[in-house]
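Okay, structure first, notes after.
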Amino acid sequence: MAIIELRGIKRHYVVGDIVVKAIRGLDLDVEEGEFLAIMGPSGSGKSTLMNTLGCLDKPTEGSYVLDGLETSTASPDEFADIRNEKIGFVFQGFNLLSRTSALENVELPLFYDRSGAKLDAKALAARALQEVGLGSRLDHKPNQLSGGQQQRVAIARAMVKDPAFILADEPTGNLDTEMSLEIMALFQDLNDRGKTVVMVTHEPDVAAYTKRIIAMRDGELVSDYPVKERRSAKTDLVAWEQKHESLVEGGAP
């Protein structure tokens, strides 16, 4: 089943007297349970595609069906509801509220629920944090957490409403190697449990942990292929830790 169906997507911007064609007629399907990486150089259109997939921007032309709902004809309120209910966002900069706890940060999307369902926000947020390995950090504020733990809070926040898919924008961009491997291991685990993940990245090493890579250039899709030799982030994390321990024991600086 396709969670995402794009047909003939175009996005044009007018800058003065110039029409910038950021996306030039793109077709794309993303099936339930996929782990997709979007790659491309600066100006390739990948950020515009991310904004389209995230329902942050509507295309100039074309159809975007998300989990069976046509987004291009939705009213502003419907468009916002689709974005809030169907997509979990994870950003490079974490985007956590600094004065609130991990639990309160994860609760936030539930406060905007307009479905009429009676939700136990604290219980759902606590469960999401437990799923990302932070069940003992519910009351910690962002400045009491490492960068990797802050990104885990952001992932829990993205998951708390059980969205159709998680959209991650350079989720390891602000992290060191060890923390990056921890986050990619978490994404792989979530994906193994059935969650669809779409990730924008410029790093081939990070894309190697996904299942499928598409590449863009000049607003067009130029390649689309499965990852044949997919890396395991958990395995690479263990190898990194063992190497680091041996360097420390050997007296390396």
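The values are calculated or read from the model by the stated rules, or taken from the named source; none is laboratory data. As the structure is a prediction and not an experimental result, all values here were calculated from the model. FYI the Cβ positions are ideal-geometry reconstructions off the backbone, even for glycines, and counts take in every protein chain you see.
Okay, here's what the table says:
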| read-out | value |
| --- | --- |
| Criterion: within 19 Å of Pro171 (Cβ to Cβ) and either modelled with pLDDT of 95 or more or polar (S, T, N, Q) (or both) - qualifying residue of Ile38, Ile9 | Ile38 |
| Qualifying residue in segment 64-71 (condition: assigned to a strand (DSSP E or B), surrounded by 15 or more Cβ atoms within 10 Å (Cβ to Cβ) and either without any contact (Cβ under 8 Å) to a residue 24 or more places away in the chain or small (Gly, Ala, Ser) (or both)) | yes |
| Hits in segment 124-144 - residues which are within 23 Å of the chain's Cα centre (by Cα), surrounded by fewer than 15 Cβ atoms within 10 Å (Cβ to Cβ) and farther than 18 Å from Val90 by Cα | Gly135, Asn143 |
| Residue check for Asp81: within 21 Å of the chain's Cα centre (by Cα), in a loop (DSSP other than H, G, I, E, B), of a type in the set (Asp, Glu) and surrounded by 15 or more Cβ atoms within 10 Å (Cβ to Cβ) | no |
| Count of residues meeting criterion [over 14 Å from the mean Cα position of the chain (by Cα) and either crowded, with 22+ Cβ neighbours inside 10 Å or outside any strand (DSSP E or B) (or both)] in segment 31-45 | 7 |
| Evaluation of Ala208 against (1) surrounded by fewer than 21 Cβ atoms within 10 Å (Cβ to Cβ); (2) farther than 20 Å from Asn95 by Cα; (3) touching a residue at least 40 places away in the same chain (Cβ under 8 Å) (one fails), failing number | (3) |
| Selection count where residues are without any contact (Cβ under 8 Å) to a residue 24 or more places away in the chain, of a type in the set (Gly, Ala, Ser) and in a loop (DSSP other than H, G, I, E, B), scope segment 103-152 | 4 |
| Boolean, Leu167 is under 21 Å from Arg230 (Cβ atoms) and in contact with a strand residue (DSSP E or B) (Cβ under 6 Å, 6 or more places away or on another chain) | yes |
| Residue in segment 85-101 that is nearest to Asp67 (Cα to Cα), counting only those that are at pLDDT 90 or above and surrounded by fewer than 17 Cβ atoms within 10 Å (Cβ to Cβ) | Asn95 |
| Residue among Asp169, Asp218, Asp162 that is within 14 Å of the chain's Cα centre (by Cα), exposed (fewer than 15 other Cβ atoms within 10 Å of the Cβ) and either touching a residue at least 40 places away in the same chain (Cβ under 8 Å) or more than 16 Å from Ala233 (Cβ to Cβ) (or both) | Asp162 |
| Only listed residue being free of Cβ contacts under 8 Å to residues at least 60 places away in the same chain and under 21 Å from the mean Cα position of the chain (by Cα), chosen from Pro76, Pro59 | Pro59 |
